[in-house]
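Quick notes on the structure that follows.
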Amino acid sequence: MQTRPVIPFGTMLKTLMVVSAPSLLVLSLFAVLGELDFNYFIYGYFGIMLISAVFVVPFLSNISALTHYVNDLSMDKRVRSPDLSFLSNVGELSGALNRLQRSWENKRQEMETVITEREILVDTLPDILIMTNDDKMVVRTNRAARNIFGQNLAHRPLREIIPNDQLMNAITAVIEDLQGQEVEFYMEDPAPRDFHAIIERFPIPSEGGISIVITLTDITQQKRIQRMRADFVANASHEIRTPLASIIGFIETLRGPAKDDEGARDEFLRVMADQAERMSKLVNDLLSLSKIEMNAHTLPVAKVDLLRIIRSEKQHFEWACKQKNVTLRLKLTDTLPPTRGEDEELAQVVRNLLGNAIKYTNPDTEVVLTAKLTSQLPDDPSMRSLSRAITFSVQDHGEGISREHIPRLTERFYRVDTARTRKVGGTGLGLAIVKHVLNRHHGVMTIESEVSQGSTFSVFLPVYDDVVQPGDRKEDEYADEGML
Ligand code: ADP
């Protein structure tokens with residue numbers, strides 16, 4: 001609703017006096033010439049003032065309304081154009097005002113649309129955007145920034161939000177140097193993260209100052225993979241260097257001090273053969289791992305009969321079982337539906353689990369391999385859409401594994417007892433291979449173990465027709481150090 005404009009009393013008086021000035025002059029002339037009595041002069045003047053007021057007040061009120069209207073427009077308020085009945089005949093004022101109002105409204109809507117579109121664009125960027133002034137006070141942020149650092153970031157010092165010296169120094173350099181900068185930094189809060197920051201400056205012509213725009217990309221995952229790769233290369237080199245150093249040492253000894261010592265030569269050659277064998281196993285495991293990783297995101301298509309694989313793999317362990325007097329007992333169901341898989345990769349899973357059970361079980365004990373169809377599925381995202389699965393488990397009677405080690409067993413080169421594992425010829429890669437094969441086959445492994453009692457490693461694989469398609473599976477389930 002429009003309020004009626006108030007005309008200041010001074011303005012009204014001044015205008016009335018100006019308007020009535022010619023009449024006052026005429027009255028005064030008559031009074032001076034003695035044609036008008038003083039009383040009639042006063043009455044006449046007030047009469048003229050009153051009649052002038054009848055015309056002047058609505059006129060002034062229209063002008064005052066027009067002033068308010070222009071003021072409101074300049075302050076970007078949404079107002080209706082005023083009713084200027086007394087000014088409407090002053091040229092085309094009313095029409096002009098309406099056109100001004102419409103064009104103003106159109107411009108405002110265009111601007112609002114542009115601003116909204118830009119905000120949507122900036123808000124949907126996955127990168128974090130923060131704009132500060134040259135005092136490093138936050139001016140604007142996008143949604144990604146607010147999701148990470150919280151709401152209400154504007155008007156706060158950037159250092160309070162990201163207390164990182166590297167970033168702050170880079171911003172200072174950009175403010176002083178005119179040059180953009182890039183920097184990588186690590187933050188503990190609100191969650192441990194690595195960021196790559198691009199800092200740029202932009203002049204603001206209207207204010208004569210500058211804006212600093214900071215774009216942050218979350219590179220935590222990239223850094224993690226880089227660190228894992230570096231660790232992996234370091235570990236693999238270390239694993240290969242140890243047997244290599246030992247072989248080189250024995251060769252030196254055989255060439256020098258033990259040159260003519262027949263007994264030592266036989267013993268050294270036997271150790272060298274063992275070390276060469278260890279290196280060869282390691283290289284084979286590394287190659288398997290890299291091959292499996294290369295195919296990690298392609299679902300195998302062949303129908304695989306797991307019972308056939310188990311029976312065939314059993315034969316490879318007869319000699320190892322004899323050596324430790326271990327009985328390998330198979331408890332297999334008569335028939336199993338096929339699973340979707342790659343023969344050689346699933347054979348490697350059976351081989352690695354059976355191999356470990358025989359390696360780590362106590363002499364004169366039994367290793368039991370069970371295979372069946374089950375509806376008792378582990379609580380794992382890959383199994384949630386299934387009602388049944390093919391399972392096989394390998395149970396040994398060895399030293400067992402204490403609870404804290406279990407989640408880490410599938411990490412590459414992780415060993416519970418390094419000395420014991422080396423003695424039995426382990427590479428530390430067997431379970432990592434199992435995990436990668438199972439990820440590719442949408443399978444799951446569970447480990448149950450009791451110290452000094454033994455361990456049971458169980459594998460669950462979907463039945464051929466029940467396999468969930470790749471699109472149904474979340475990408476992070478392939479994560480390298482995810483579930484077992
Ligand atoms: P390795 O080739 O050294 O056996 P794995 O990746 O197969 O490597 O196993 C990782 C570690 O897990 C082993 O070094 C061993 O400490 C432990 N482990 C695996 N299987 C068993 C088992 N059946 N009983 C006890 N410990 C085991």
- What number of residues within the stretch 277-311 are touching a residue at least 40 places away in the same chain (Cβ under 8 Å) and in a loop (DSSP other than H, G, I, E, B)? 7
- Message: Take Gly355 and tell me if it is part of a helix (DSSP H, G or I) and either within 11 Å of the ligand (Cβ to nearest atom) or at pLDDT 95 or above (or both).
- Response: yes
- Go through (1) at negative phi; (2) surrounded by 14 or more Cβ atoms within 10 Å (Cβ to Cβ) one by one and return the number of the condition Thr418 breaks. (2)
- Note on the structure: Residues in the stretch 423-437 that are crowded, with 16+ Cβ neighbours inside 10 Å and either without any contact (Cβ under 8 Å) to a residue 60 or more places away in the chain or part of a loop (DSSP other than H, G, I, E, B) (or both) total 5
- Task: Assess whether Leu33 counts as being of a type in the set (A, V, I, L, M, F, W, C), surrounded by 16 or more Cβ atoms within 10 Å (Cβ to Cβ) and assigned by TED's automatic domain parsing to the domain that holds Val18.
- Result: no
- Message: Just checking, does the stretch 242-251 include any residue being over 46 Å from the mean Cα position of the chain (by Cα), more than 16 Å from the ligand (Cβ to nearest atom) and open to solvent by 90 Å² or more (accessible area, probe 1.4 Å)?
- Response: yes
- Message: Suppose the filter is within 16 Å of the ligand (Cβ to nearest atom), among the basic types (Lys, Arg) and open to solvent by 50 Å² or more (accessible area, probe 1.4 Å); does Arg329 pass it?
- Response: yes
- Message: Let me confirm something: among Glu366, Glu404, which residue is more than 8 Å from the ligand (Cβ to nearest atom), open to solvent by 10 Å² or more (accessible area, probe 1.4 Å) and at pLDDT 95 or above?
- Response: Glu366
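Residue-by-condition table, conditions (1) within 44 Å of the chain's Cα centre (by Cα); (2) under 13 Å from Glu344 (Cα atoms); (3) open to solvent by 70 Å² or more (accessible area, probe 1.4 Å):
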| residue | (1), (2), (3) |
| --- | --- |
| Gly263 | no, no, no |
| Asp274 | no, no, yes |
| Val283 | yes, no, no |
| Val304 | yes, yes, no |
| Leu307 | yes, no, no |
| Glu313 | yes, yes, no |
- Item | In the stretch 390-401, the residues that are touching a residue at least 60 places away in the same chain (Cβ under 8 Å) and open to solvent by 20 Å² or more (accessible area, probe 1.4 Å) | Ser393, Gln395
- List the number of the failed condition for Val174; all other conditions in (1) under 27 Å from Ile219 (Cβ atoms); (2) free of Cβ contacts under 8 Å to residues at least 24 places away in the same chain; (3) among the β-branched types (Val, Ile, Thr) hold. (2)
- Task: Starting from residues that are assigned to a strand (DSSP E or B) and within 15 Å of Ser452 (Cα to Cα), keep the ones in the stretch 390-401 and report whichever is nearest to the ligand (Cβ to nearest atom).
- Result: Gly398
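Yes/no per residue for (1) in a helix (DSSP H, G or I); (2) at pLDDT below 85:
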{"residue": "Val18", "(1), (2)": "yes, no"}
{"residue": "Leu36", "(1), (2)": "no, yes"}
{"residue": "Val57", "(1), (2)": "yes, yes"}
{"residue": "Thr67", "(1), (2)": "yes, yes"}
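Let's see how each residue does on (1) more than 30 Å from Phe9 (Cβ to Cβ); (2) among the aliphatic types (A, V, I, L, M); (3) not assigned by TED's automatic domain parsing to the domain that holds Val26:
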{"residue": "Phe46", "(1), (2), (3)": "no, no, no"}
{"residue": "Ile51", "(1), (2), (3)": "no, yes, no"}
{"residue": "Asn71", "(1), (2), (3)": "no, no, no"}
{"residue": "Leu93", "(1), (2), (3)": "no, yes, no"}
{"residue": "Arg99", "(1), (2), (3)": "yes, no, no"}
{"residue": "Arg102", "(1), (2), (3)": "yes, no, no"}
{"residue": "Arg108", "(1), (2), (3)": "yes, no, no"}
{"residue": "Ile120", "(1), (2), (3)": "yes, yes, yes"}
{"residue": "Met131", "(1), (2), (3)": "yes, yes, yes"}
- Note on the structure: Every listed condition ((1) more than 9 Å from the ligand (Cβ to nearest atom); (2) more than 21 Å from Leu336 (Cβ to Cβ); (3) of a type outside the set (D, E, K, R); (4) buried (at least 23 other Cβ atoms within 10 Å of the Cβ)) holds for Ser455 save (1)
- Query: Quick one: is Ser387 open to solvent by 20 Å² or more (accessible area, probe 1.4 Å), assigned to a loop (DSSP other than H, G, I, E, B), within 13 Å of the ligand (Cβ to nearest atom) and among the hydroxyl-bearing types (Ser, Thr, Tyr)?
  - Reply: no
- Query: Which of the residues spanning the stretch 407-444 are more than 8 Å from the ligand (Cβ to nearest atom) and of a type in the set (S, T, N, Q)?
  - Reply: Asn439
- Which numbered condition Asp380 misses (of (1) open to solvent by less than 30 Å² (accessible area, probe 1.4 Å); (2) away from the ligand (no atom under 16 Å from the Cβ); (3) at pLDDT 95 or above): (3)
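The values are calculated or read from the model by the stated rules, or taken from the named source; none is laboratory data. Computed from a predicted model, the values in this text were never measured in an experiment. Methodologically, a virtual Cβ is constructed for each residue, glycine included, from the backbone with ideal geometry; neighbour enumeration extends over all protein chains shown. Note: areas computed on protein heavy atoms with side chains; ligands, DNA, RNA excluded. Shrake-Rupley method; radii C 1.70, N 1.55, O 1.52, S 1.80 Å.
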